[in-house]
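Data block below; observations after.
The values are calculated or read from the model by the stated rules, or taken from the named source; none is laboratory data. It should be emphasised that the depicted structure is a prediction, and the values quoted were computed from it without experimental measurement. Quick reminder, even Gly has a Cβ in these numbers, built from the backbone with ideal geometry, and neighbours come from all protein chains shown.
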Protein chains: 2
Amino acid sequence: MNRRTIGILHPGDMGVAVAVTARNAGHTVYWASEGRSAQTRARATAAGLLDAGSIAGICEGCEVLVSVCPPEFAGEMARAVASLGFRGLYLDLNAVSPRRSVRIGRDLEERGIRFVDGSIIGLPAKQRGETWIYLCGPHAEEAAACFGQGPLEVEVLEGEIGKASALKMVFAANTKGMAALRAAVLGAARELGVFDDLERQWARSGTPMARAVESVGHVAPKAWRFVAEMREISETFESTGMPGDFHRAAEEIFARLAPFRGVREIRLEEVLEKLAARAATKSDS
Amino acid sequence: MNRRTIGILHPGDMGVAVAVTARNAGHTVYWASEGRSAQTRARATAAGLLDAGSIAGICEGCEVLVSVCPPEFAGEMARAVASLGFRGLYLDLNAVSPRRSVRIGRDLEERGIRFVDGSIIGLPAKQRGETWIYLCGPHAEEAAACFGQGPLEVEVLEGEIGKASALKMVFAANTKGMAALRAAVLGAARELGVFDDLERQWARSGTPMARAVESVGHVAPKAWRFVAEMREISETFESTGMPGDFHRAAEEIFARLAPFRGVREIRLEEVLEKLAARAATKSDS
């Protein structure tokens, strides 16, 4: 087996799951501690990642870089490593539109960097069969060899650069779009004074309110991360001729829920107040 | 029991279910054949409704009128019966925004017509416990006495005019919004060339593609009826401060599917082509 040096940018929960999947193939995995939090350091150290110090250090020391970051930073990250002289294999696993992935890839390839379009579907898993890394493009097989047997699964998609991003976009369009719509329905029901009536009608038609409330409570602490992703999905939908408005509305809902970042044990009433409060602020301005 | 004369405008499938529920309370139910199709006549006759001839005839002969029509005609219908001199009890069961219901009600009350805000949730049922007529406002109990024991259930909601419409809006916002989003996701997946990949990923995450395809096939023949309803929902959401864009997108999706009106046995490929074809036409113009 070809043991490689792989850099992970950055080891959040998902980045660590990706890094561990790379370590499980026998590769050496680095991260860069410069400017990162103590929490990130603890997570990286616990996962057995080596510290390359800075992004410059990771670019110099690694043959392969894997970008796992919020979509709004994907382009910036790619430009940074290119300008720092990295010339190896670059995997972008972020939730960006296929068009953006194509643009990032073209820019990197012009600088002599081999680009792989990728995406991740699922939560940061600890066991196999739950979460998939999708890879595509001319260097996808080389990229797939960077990963071992779990915890994440790896699959190469046929077709040009953008397919892995496209799959992520349509998958997330469904799950996150539905979650945002559900939150908006609960918010509207409360404002209209028919929340209890909706609960009774849903019980009659087999849609338990408890499940909707649980879904909203589950999504609220992560909503801040979804805002930019909804923009990518809107752009993707419009590029196919489908309406972008579903996910523009979802972006608005997640922006209103962003203050719940990291909060555990959220009561529904707090969520509904936040949805309504933002609305009030907006109509005041 | 007080036997009343009730006019139903108009006996489509849902109108007939409402009319039968009124007949089951021992009331005499009329319809107006003028300008209606042979199919409507057959349906009304089979349900035991009496023909009052025209709208003028029904206004003259009935103490109670029940409006069951597409939401875009709800206002027109109310104005018509008011100008024809009807002065009894008027039930608007249509899928309109609470604000529109309040406006219709105010106009009718000014003309001496007792107005009841209502809505129907469910399909045109043949047996009890499946579909609910909701009624509200000062005359809701009088209206409820117009209906018997099924096939539709009847419930009076507490609160002012608009509550029954509001409940319909939030319920339909959820089911029809989700159905439209699902169709758009399938359309985008096809345009992006990742339909099969999405099917595989959905199988992995417990969301069978077959169920999504079935939902789209189920909704397509009825989509034409949902276009104006989505506008009512957008307005309702915006009146509460929630984003109206979810249902503006849904309106667009249903408008694209409108050509499937009355078509049975729709293949998914036809639906996806229609979604994409409209998109192409739009970008050409």
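Between B:Leu135, B:Leu91, B:Leu123, the distinction of being part of a loop (DSSP other than H, G, I, E, B) and not polar (S, T, N, Q) belongs to B:Leu123 only. Say whether the condition of being crowded, with 24+ Cβ neighbours inside 10 Å, touching a helix residue (DSSP H, G or I) at 6+ places or on another chain (Cβ under 7 Å), in contact (Cβ under 8 Å) with a residue 60 or more places away in the chain and in the same structural domain as A:Leu9 (by TED's automatic domain parsing) is met by at least one residue in region A:103-113. Among the residues of region A:103-113, not one is crowded, with 24+ Cβ neighbours inside 10 Å, touching a helix residue (DSSP H, G or I) at 6+ places or on another chain (Cβ under 7 Å), in contact (Cβ under 8 Å) with a residue 60 or more places away in the chain and in the same structural domain as A:Leu9 (by TED's automatic domain parsing), which makes the answer no. Name the residue, out of A:Ala82, A:Ala56, that is surrounded by 16 or more Cβ atoms within 10 Å (Cβ to Cβ) and within 23 Å of A:Ala140 (Cα to Cα). Of A:Ala82, A:Ala56, the one residue that is surrounded by 16 or more Cβ atoms within 10 Å (Cβ to Cβ) and within 23 Å of A:Ala140 (Cα to Cα) is A:Ala82.
Can you tell me which residues in region B:171-194 are of a type outside the set (D, E, K, R), without any contact (Cβ under 8 Å) to a residue 40 or more places away in the chain and not in a loop (DSSP other than H, G, I, E, B)?
Going residue by residue through region B:171-194, those that are of a type outside the set (D, E, K, R) are B:171-175, B:177-181, B:183-189, B:192-194.
Next, from what is left, pick out any that are without any contact (Cβ under 8 Å) to a residue 40 or more places away in the chain: B:174-175, B:178, B:185, B:188-189, B:192-194.
Listed by number, the residues that qualify are B:Asn174, B:Thr175, B:Met178, B:Val185, B:Ala188, B:Ala189.
Within region A:128-160, the residues that satisfy the criterion of being over 24 Å from A:Arg3 (Cβ atoms) and over 19 Å from the mean Cα position of the chain (by Cα) are A:Glu158, A:Gly159, A:Glu160. When B:Gly159, B:Gly187 are checked against the criterion of being within 27 Å of B:Gly75 (Cβ to Cβ) and either modelled with pLDDT of 95 or more or within 12 Å of another protein chain (Cβ to nearest Cβ) (or both), a single residue qualifies: B:Gly159.
Have a look at A:Phe237, A:Phe254, A:Phe246, A:Phe226 and point out the one that is touching a Pro at 6+ places or on another chain (Cβ under 9 Å) and closer than 30 Å to B:Leu272 by Cβ. If you could, list the steps in order and put the result at the bottom.
Working: A:Phe254 fails: touching a Pro at 6+ places or on another chain (Cβ under 9 Å); A:Phe246 fails: touching a Pro at 6+ places or on another chain (Cβ under 9 Å); A:Phe226 fails: touching a Pro at 6+ places or on another chain (Cβ under 9 Å).
Just a single option satisfies the conditions, and that option is A:Phe237.
When each of A:Ala140, A:Ala164, A:Ala145 is tested for being over 20 Å from A:Pro70 (Cα atoms) and crowded, with 18+ Cβ neighbours inside 10 Å, the lone residue that passes is A:Ala140. In region A:1-54, of all residues being of a type in the set (S, T, N, Q), outside any helix (DSSP H, G or I) and in contact (Cβ under 8 Å) with a residue 24 or more places away in the chain, the one that is farthest from A:Asp92 (Cα to Cα) corresponds to A:Asn2.
Look at A:Gly85 and say whether it is in contact with a Lys or Arg (Cβ under 8 Å, 6 or more places away or on another chain), at pLDDT 95 or above, farther than 25 Å from A:Val16 by Cβ and part of a loop (DSSP other than H, G, I, E, B). If you could, list the steps in order and put the result at the bottom.
Numbers: in contact with a Lys or Arg (Cβ under 8 Å, 6 or more places away or on another chain): no; at pLDDT 95 or above: yes; farther than 25 Å from A:Val16 by Cβ: yes; part of a loop (DSSP other than H, G, I, E, B): yes.
Answer is no for this residue.
Being surrounded by 17 or more Cβ atoms within 10 Å (Cβ to Cβ) and either away from chain B (no Cβ under 12 Å) or farther than 22 Å from B:Leu167 by Cα (or both), is that true of even one residue in region A:277-285?
yes
Criterion first (within 14 Å of chain B (Cβ to nearest Cβ) and outside any loop (DSSP other than H, G, I, E, B)) does A:Val66 satisfy it? In short, no. Residues that are at the interface with chain A (Cβ under 9 Å from one of its Cβ atoms) and either more than 19 Å from A:Ser234 (Cβ to Cβ) or at pLDDT below 95 (or both) within region B:235-260 comprise B:Thr236, B:Ser239, B:Thr240, B:Gly241, listed in sequence order.
Please find, among A:Met178, A:Met169, A:Met209, the residue that is within 12 Å of chain B (Cβ to nearest Cβ) and touching an Asp or Glu at 6+ places or on another chain (Cβ under 6 Å).
Working: A:Met178 fails: touching an Asp or Glu at 6+ places or on another chain (Cβ under 6 Å); A:Met169 fails: touching an Asp or Glu at 6+ places or on another chain (Cβ under 6 Å).
Answer to the selection: A:Met209.
Restricting B:Val96, B:Val116 to those that are in a strand (DSSP E or B), away from chain A (no Cβ under 11 Å) and within 17 Å of the chain's Cα centre (by Cα) reduces the list to B:Val116. Criterion first (free of Cβ contacts under 8 Å to residues at least 40 places away in the same chain, in the same structural domain as B:Arg43 (by TED's automatic domain parsing) and not aliphatic (A, V, I, L, M)) does B:Glu141 satisfy it? Yes: the conditions hold for B:Glu141. With respect to being assigned to a helix (DSSP H, G or I), touching a Ser or Thr at 6+ places or on another chain (Cβ under 6 Å) and more than 11 Å from every other protein chain (Cβ to nearest Cβ), B:Glu232 fits the description.
Scanning region A:194-246 for residues that are on the phi > 0 side of the Ramachandran plot and surrounded by 18 or more Cβ atoms within 10 Å (Cβ to Cβ) yields a single hit, A:Gly241.
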